[in-house]
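To start, the structure under review is shown below, and the notes come after it.
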Amino acid sequence: MSTVSSEAAAFGPFANDLNLVASLRDGDEAAFLSLVSSYHLQLVRFAQLYVRTREQAEDVVQETWLAVLTGLGRFEGRSSLKTWIFSILVNKARTRARQEGRTVSYSALGVAGELNTELAPEPAVDPGRFLAPGHQWAGGWASPPASWGSIPEERLLSQETLGCVQQAIDQLPPLQREVIALRDVEGWPPAEICQVLAISEPNQRVLLHRARSRVRRALEQYFAGEE
Amino acid sequence: MSDASLSSDWLTCREFVEIVTDYLEGSLPASERERFEAHLAVCPGCQIYLEQIRETVRLSGRLTEDSISPEAQSELLRAFRDWKQAG
């Protein structure tokens, strides 16, 4: 930029967010409600990955909104308001999960230890389904997957199938669960996920790969069992 | 399968399933992407596998139908007014 303005803070990639924060600090209720309608449901869905009930999830999100309001003065526009809000939620939800979580909790070594555990090599598909070393076509499919192409759309999108997907996601190790929820359930770009979870893009992709592979396996079993 | 399957450049199915995510996320280097697509073009098992992963992603994206409860909304508005008064 060629000129330096006294309002430099209102430029840059997150200028809109800084303007929104200014409105909130002025007590603009419409601005607050629009922020709530943008993110509340995503926050509740995400919080539900950590706790037992919808009520507990709403509770964590309520706590998050209060922390957002009291922390507004600290928001400097270095990240987007969205990733800043979600970082607050992740911290609160992880703490809550350690206290009263419903599923697999984090490694005793904390998030760094958990990351190491979840990045350990794990095949996407049972190695027994490929031809063994020494075979002419070693590494090729011995037992290839069966196409889902003939399954009718209404069965694919049935509550039961979606329940199977949800259950598979719920049973993932915590970081894989966080990554697939943001990437595939919410459709976030990878860069934002890395910011919120404080992980690198390559690690984010490995976690996503493990998570998708596991959910696919769950669906494969589910469809095979239905026949 | 053709003679290409014997060259060291040939991706096995077992290798293919491990780079599916990098392929779909657009993070494979060009040369790797070519190997991936060359394999895909001739391997029905891996075509089905890739299709299943795409379907898995699509179904995950359908888990979002939900709506905000009026109670939650008014509770938040109340919290906002309290915060405003306190500040």
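One table, with the values for the structure above:
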| item | result |
| --- | --- |
| Table column - 3J(HN,Hα) (Hz), the stretch B:24-32, Karplus curve with 6.51, -1.76, 1.60, x for Gly and Pro | 5, 7, x, 10, 7, x, 3, 5, 5 |
| Sites residue B:77 and residue B:31, calculated FRET efficiency, Cβ-Cβ separation with R0 41 Å, nearest 0.05 | 0.15 |
| Phi to ³J(HN,Hα) by Karplus 6.51 cos²θ - 1.76 cosθ + 1.60 over the stretch B:40-54, Hz, x for Gly, Pro | 4, 4, 10, 10, x, x, 6, 4, 5, 4, 4, 4, 5, 5, 4 |
| Karplus 3J(HN,Hα) series, Hz, for the stretch A:55-60 with 6.51 cos²θ - 1.76 cosθ + 1.60 (x for Gly, Pro) | 4, 5, 5, 4, 5, 5 |
| Theoretical FRET efficiency, 1/(1+(r/R0)^6), r = Cβ-Cβ of residue A:55 and residue B:15, R0 51 Å, to 0.05 | 0.65 |
| Between the stretch A:187-204 and the stretch A:13-28, the Cα center-to-center distance that results, in Å | 25 |
| Cα long-axis angle, helix A:110-119 against chain A (0 to 90 degrees, to the nearest 10) | 30 |
| Exposed chymotrypsin sites (Phe, Trp or Tyr not before Pro) absent - longest run of chain A, DSSP non-H/G/I/E/B, at most 15 other C-beta within 10 Å | A:12-136 |
| Extension gain, residue A:129 back to residue A:158 (0.36 nm per residue minus Cα-Cα distance, nm) | 7.6 nm |
| At R0 = 45 Å, FRET efficiency that the Cβ-Cβ distance of residue B:58 and residue A:66 yields, to 0.05 | 0.80 |
| About the Cα centre, charge dipole magnitude for the protein assembly as shown (Lys/Arg +1, Asp/Glu -1 at Cβ), debye | 620 |
| Value of [θ]222 nm, deg cm²/dmol, for the protein assembly as shown, DSSP H segments ≥ 4, -39500 (n - 2.57) each, nearest 500 | -20000 deg cm²/dmol |
| Rg(Cα) / (2.2 N^0.38 Å) computed for the protein assembly as shown, rounded to two decimals | 1.17 |
| Separation in nanometres of the label points that stand 7 Å from Cα toward Cβ, at residue A:76 and residue A:15 | 2.0 |
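Read-outs: derived from the displayed coordinates by stated rules, not from any lab. Not measured: the values here are computed from a predicted model. A quick note on method: Cβ atoms are made from the backbone with ideal geometry, for glycine too, and the neighbour counts reach across all protein chains shown.
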